[in-house]
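The values are calculated or read from the model by the stated rules, or taken from the named source; none is laboratory data. Treat the numbers as computed from the prediction; the structure is a model and nothing was measured. Glycine gets a Cβ as well: all are built from the backbone with ideal geometry, and neighbour counts include every protein chain shown.
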Amino acid sequence: MAISSGDRCGEGCASSTTTPALVYFPAGTYVVSSPIIAYYYTAIIGDARNPPTVIASSNFSGIAVFDADPYDADGANWYVNQDNFYRSIRNFVIDLTEMPASATATGIHWQVSQSTSLVNIVVDMSTAAGNNHRGLFMEDGSGGFMGDLVFNGGAYGIWVGNQQFTVRNLTVNNANAAAIYGLWNWGWTYQGVTINNCTIGFELLTGGLSNADQTVGAEAIIDAVVTDTPIFVQSSEASNGTLAGSLVLNNIQLNNVPTAVGVANGDVVLAGGTMTIASWGQGDVYSGTDPNGNFEQGNIYAAYKDPSLLDSAGRIFGKAHPQYFDYAVDQFITVKSQGAVGDGVTDDTDAINAVLSKYAGCYIIFFDAGVYKVTSTINVPAGSQIVGEAWTVIMGSGSNFADQTNPQVVVQVGAEGSEGVAEITDFVFTTQGPTPGAIVIEWNIHEPSGEQGACGMWDSHIRLGGAVGTNLETAQCPSGSDNTQCFASFLAIHLTSGSTAYLEGTWVWLADHDLDGDGTSQLTIFSGRGILSESAGPVWMIGTSEHHALYQYNLAGASNHYMGLIQTETPYYQPDPAPPTPFSINSAYNDPTFDNGMNMAWAVWVESSQNVIIFGAGHYSFFQNYSQTCLTNNTCNPQIVNTDSTSSVAIYSLSTVGSTYQLSVNQDGIINWADNVDGFASTVTVWSPTS
């Protein structure tokens, strides 16, 4: 009842932004006999100091203890898996040990999409030989991020299938079948994996080379420690000299692991032992402007990792979602207690700026659930730690954001040249159209010396249009319309040259459909640009940018970036109009050009940038003017990823859909999709600027 009360979006509801909920579990032990259902737009949060334990009773009945997408009596899901947004579960111990070892006991059923997270969860399972327990089960979806997870015992730690996902800081102990079972994907990135005493580390279903028999397309694993496990990675089918599931291994420490990479039939592809694998791949390898790739099963290009990106152990740095559990209640202050209203109508600009100016660096500033309308720039000063409640909304509105020739910032994080802490958690940033001159977030702040990741966002997203109150819904902007009132932003996120940033699980989405109303109707709305980074770094970026007119990611004069997994989609309405229309090229913001017949948005544009690692990428172009006939021959987009010849960028595990060329140099297509078919997507195991 606590989760479902209040006319919330459950069975029969496609989606809704109007009934968010934060459901809090105090410390304690809770025994359940049926699933706890995570309704749409729900954050389920346990006590961070003393995470509650949820025990599945011996007579538990249902798919999992926590269920994000229930099946009805006819076998249909409550939600469309690719659109199952806005969920978070944090700070729990899930105990399956009272259930019979023979039962298919599962901790979490997590069939979800973007803007979802699992954080700080332990699942304890049976340790009996031959048990059937699973920590997490995911059969479909389009995610997503999860991190700081521990799975003990069971047959499988996690059993997963989803278009794409990033997993950070995953530990699996004593799984008697496999730590991770991969059912299918277009691309997953695992960053920071610890596997102890499991039969197999990664067991991957492979070999499917069409949409009809899609299996694991691309697995990218960085910074793993595997101990006392007979096989680290095992594929179900041998590659036999051609691409049949891409694999990238980077900085893998094996301790008593006899087989590093093998096949279910017993073949050993890479012998193990006690050793370190620096950079190894299985799949199609390309470099420079050579259009001819080679299938490799061996050492591959090892990108330079700037020390600023690494922790003290030489691994890619990661930082958990801040939860401030060591702060007292009187160290928090709420914006509503200081005069902000959050009703989506009242102008809260002055009230919010006053709170931030007075209390930043002194208190954790809590934004009570609501929609906070602002009509000029919100200044988030150095020292700020701001926390939302079930994705508190800050919405830019009004004439200050109306001129694309003179763009203005909605939320400025740090003044230009500032240094200090800035932590932003659990927000949605949006606009109330038309706002063609809105820069939704300008990020200027730089982390203090010695404080990696001090400036970051966690579980915070940009959502433009598609929600009540934005004036960018079906009534104003139906698909196929060309309405000058349907401008959502000039630029979503701008990381300026002096900034550093840690962005984890960030979804920068121009809505392609209306989340409210019927939850499915397509829209035609316009956002000029996704994420522009001019930062000299360090920058860590895990997330998604979708449907912006010129590009989704633009690295211009940037350096020292780690990005993985990044995922994009091009606008459904293009090429009618083609980019930059309805915007104009603006050289002050390092806009890309569109040559050689390029009539769609760029997924990634890289210019004059150094020391960039993209470790996992899914770039998709599904439509031309809302038609999908172009998918047949991958002609939806002529090109999709471009770098100039002076930049140093390495791209691992690059999967594309719908684009004729997967990668271009100086806007000349280099890698053709047809040479790297890997199921529904085409996959490049690695592209490097030099061999």
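Please pick out the residue among 525, 542 that is under 26 Å from residue 219 (Cβ atoms) and not hydroxyl-bearing (Ser, Thr, Tyr). Step through it out loud before you land on a result.
On the way: 525 fails: under 26 Å from residue 219 (Cβ atoms).
The unique qualifying residue is 542.
Report, ordered by the first and then the second residue, all pairs with beta carbons closer than 7 Å, sequence separation of six or more or different chains, a first member in segment 395-415 that is within 11 Å of residue 437 (Cβ to Cβ) and outside the structural domain of residue 441 (by TED's automatic domain parsing), and a second member that is among the acidic types (Asp, Glu) and surrounded by fewer than 23 Cβ atoms within 10 Å (Cβ to Cβ).
Listed pairs, sorted by first residue: none to list.
Would you check if there is a residue in segment 393-401 being surrounded by 24 or more Cβ atoms within 10 Å (Cβ to Cβ) and touching a helix residue (DSSP H, G or I) at 6+ places or on another chain (Cβ under 9 Å)?
For segment 393-401, residues surrounded by 24 or more Cβ atoms within 10 Å (Cβ to Cβ) and touching a helix residue (DSSP H, G or I) at 6+ places or on another chain (Cβ under 9 Å): present.
If residue 333 passes every condition in (1) under 29 Å from residue 119 (Cβ atoms); (2) under 25 Å from the mean Cα position of the chain (by Cα); (3) outside any loop (DSSP other than H, G, I, E, B) but one, which one does it miss?
(2)
Just one of (1) touching a residue at least 60 places away in the same chain (Cβ under 8 Å); (2) within 17 Å of residue 561 (Cα to Cα); (3) part of a strand (DSSP E or B) trips up residue 509, so point out which.
Going through the list (1) touching a residue at least 60 places away in the same chain (Cβ under 8 Å); (2) within 17 Å of residue 561 (Cα to Cα); (3) part of a strand (DSSP E or B), residue 509 breaks only (2).
Would you be able to say whether some residue in segment 179-193 is surrounded by 23 or more Cβ atoms within 10 Å (Cβ to Cβ), in the same structural domain as residue 49 (by TED's automatic domain parsing), closer than 21 Å to residue 681 by Cα and small (Gly, Ala, Ser)?
yes
Could you give every pair whose Cβ atoms fall below 9 Å, whose first residue belongs to segment 454-472 and is free of Cβ contacts under 8 Å to residues at least 60 places away in the same chain, and whose second residue is basic (Lys, Arg) and in a loop (DSSP other than H, G, I, E, B), counting only separations of at least 6 or pairs across chains?
454/319
Determine, yes or no, whether residue 157 is in contact with a Phe, Trp or Tyr (Cβ under 6 Å, 6 or more places away or on another chain), in the same structural domain as residue 244 (by TED's automatic domain parsing) and under 17 Å from residue 321 (Cα atoms).
no
With assigned by TED's automatic domain parsing to the domain that holds residue 171, buried (at least 20 other Cβ atoms within 10 Å of the Cβ) and more than 26 Å from the chain's Cα centre (by Cα) as the only criterion, which of 229, 199, 206, 215 stands out?
Values: 199 fails: buried (at least 20 other Cβ atoms within 10 Å of the Cβ); 206 fails: more than 26 Å from the chain's Cα centre (by Cα); 215 fails: more than 26 Å from the chain's Cα centre (by Cα).
None of the other options fit; the residue is 229.
Based on what the data block shows, is residue 532 more than 28 Å from residue 41 (Cβ to Cβ), part of a strand (DSSP E or B) and assigned by TED's automatic domain parsing to the domain that holds residue 574? Even if it seems obvious, please write down each step before you answer.
Numbers: more than 28 Å from residue 41 (Cβ to Cβ): yes; part of a strand (DSSP E or B): yes; assigned by TED's automatic domain parsing to the domain that holds residue 574: yes.
So residue 532 passes the test.
Quick check, is residue 524 touching a residue at least 24 places away in the same chain (Cβ under 8 Å), of a type in the set (Ser, Thr, Tyr) and in contact with a Phe, Trp or Tyr (Cβ under 7 Å, 6 or more places away or on another chain)? Step through it out loud before you land on a result.
Values: touching a residue at least 24 places away in the same chain (Cβ under 8 Å): yes; of a type in the set (Ser, Thr, Tyr): yes; in contact with a Phe, Trp or Tyr (Cβ under 7 Å, 6 or more places away or on another chain): yes.
Taking the combined requirement at face value, the residue satisfies it.
Restricting to strands (runs of 3 or more DSSP E) lying wholly in segment 564-662: which have 3 or more residues that are of a type in the set (Ser, Thr, Tyr) and crowded, with 23+ Cβ neighbours inside 10 Å?
649-657
Which of the residues belonging to segment 20-60 are surrounded by 15 or more Cβ atoms within 10 Å (Cβ to Cβ), among the polar types (S, T, N, Q) and assigned to a loop (DSSP other than H, G, I, E, B)? Lay out the reasoning, then the answer.
The initial filter retains those residues of segment 20-60 that are surrounded by 15 or more Cβ atoms within 10 Å (Cβ to Cβ), namely 20-23, 25, 30, 32, 35-48, 51-56, 60.
After this cut, where a residue has to be among the polar types (S, T, N, Q) as well, the list is 42, 53.
Once the filter is applied, which keeps residues that are surrounded by 15 or more Cβ atoms within 10 Å (Cβ to Cβ), among the polar types (S, T, N, Q) and assigned to a loop (DSSP other than H, G, I, E, B), segment 20-60 yields nothing.
Would you point out which residue out of 409, 413, 421 is of a type in the set (A, V, I, L, M, F, W, C) and within 22 Å of the chain's Cα centre (by Cα)? Show your work before the answer.
Working: 409 fails: within 22 Å of the chain's Cα centre (by Cα); 421 fails: within 22 Å of the chain's Cα centre (by Cα).
It is 413.
Mind telling me which of the residues 240, 255 ends up being surrounded by fewer than 23 Cβ atoms within 10 Å (Cβ to Cβ), more than 27 Å from the chain's Cα centre (by Cα), outside any strand (DSSP E or B) and not assigned by TED's automatic domain parsing to the domain that holds residue 680?
Details: 255 fails: outside any strand (DSSP E or B).
Going through 240, 255 in turn, the sole match is 240.
Tell me which residues, restricted to segment 491-543, are among the aromatic types (Phe, Trp, Tyr) and in contact with an Asp or Glu (Cβ under 6 Å, 6 or more places away or on another chain).
Applying the first criterion (among the aromatic types (Phe, Trp, Tyr)) to segment 491-543 yields 502, 507, 509, 526, 540.
Scanning segment 491-543 gives a single hit, 509.
Please indicate, with yes or no, whether at least one residue in segment 276-291 is over 29 Å from the mean Cα position of the chain (by Cα), more than 30 Å from residue 457 (Cα to Cα) and not acidic (Asp, Glu).
Within segment 276-291, the subset over 29 Å from the mean Cα position of the chain (by Cα) is 289-291.
Among the residues that remain, those that are also more than 30 Å from residue 457 (Cα to Cα) are: 289-291.
Subset that is not acidic (Asp, Glu): 289, 291.
Yes: segment 276-291 contains one or more residues that are over 29 Å from the mean Cα position of the chain (by Cα), more than 30 Å from residue 457 (Cα to Cα) and not acidic (Asp, Glu).
Here's the yes/no breakdown for (1) over 30 Å from residue 211 (Cα atoms); (2) of a type outside the set (A, V, I, L, M):
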{"position": "77", "(1), (2)": "no, yes"}
{"position": "82", "(1), (2)": "no, yes"}
{"position": "93", "(1), (2)": "yes, no"}
{"position": "96", "(1), (2)": "yes, no"}
{"position": "113", "(1), (2)": "no, yes"}
{"position": "121", "(1), (2)": "yes, no"}
{"position": "151", "(1), (2)": "yes, yes"}
{"position": "165", "(1), (2)": "no, yes"}
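Taking interchain pairs and intrachain pairs at least six residues apart, which have beta carbon atoms under 9 angstrom, with the first residue in segment 68-94 and without any contact (Cβ under 8 Å) to a residue 12 or more places away in the chain and the second assigned to a loop (DSSP other than H, G, I, E, B) and not charged (D, E, K, R)?
71/63; 71/78
Looking for something surrounded by fewer than 18 Cβ atoms within 10 Å (Cβ to Cβ) and outside any loop (DSSP other than H, G, I, E, B) - is there at least one such residue anywhere in segment 477-484? Reasoning before the result, please.
Initially, segment 477-484 is screened for residues surrounded by fewer than 18 Cβ atoms within 10 Å (Cβ to Cβ), giving 478-484.
This time we only want the ones that are outside any loop (DSSP other than H, G, I, E, B), so: 478.
There is at least one residue in segment 477-484 that is surrounded by fewer than 18 Cβ atoms within 10 Å (Cβ to Cβ) and outside any loop (DSSP other than H, G, I, E, B).
Can you pull out the residues in segment 285-306 that are over 16 Å from residue 250 (Cα atoms) and either out of contact with any strand residue (DSSP E or B) (no Cβ under 7 Å at 6 or more places or on another chain) or not in a loop (DSSP other than H, G, I, E, B) (or both)? Break it down stepwise before answering.
Residues of segment 285-306 that are over 16 Å from residue 250 (Cα atoms), as a first pass: 286-295.
Selection gives 286, 287, 288, 290, 292, 294, 295.
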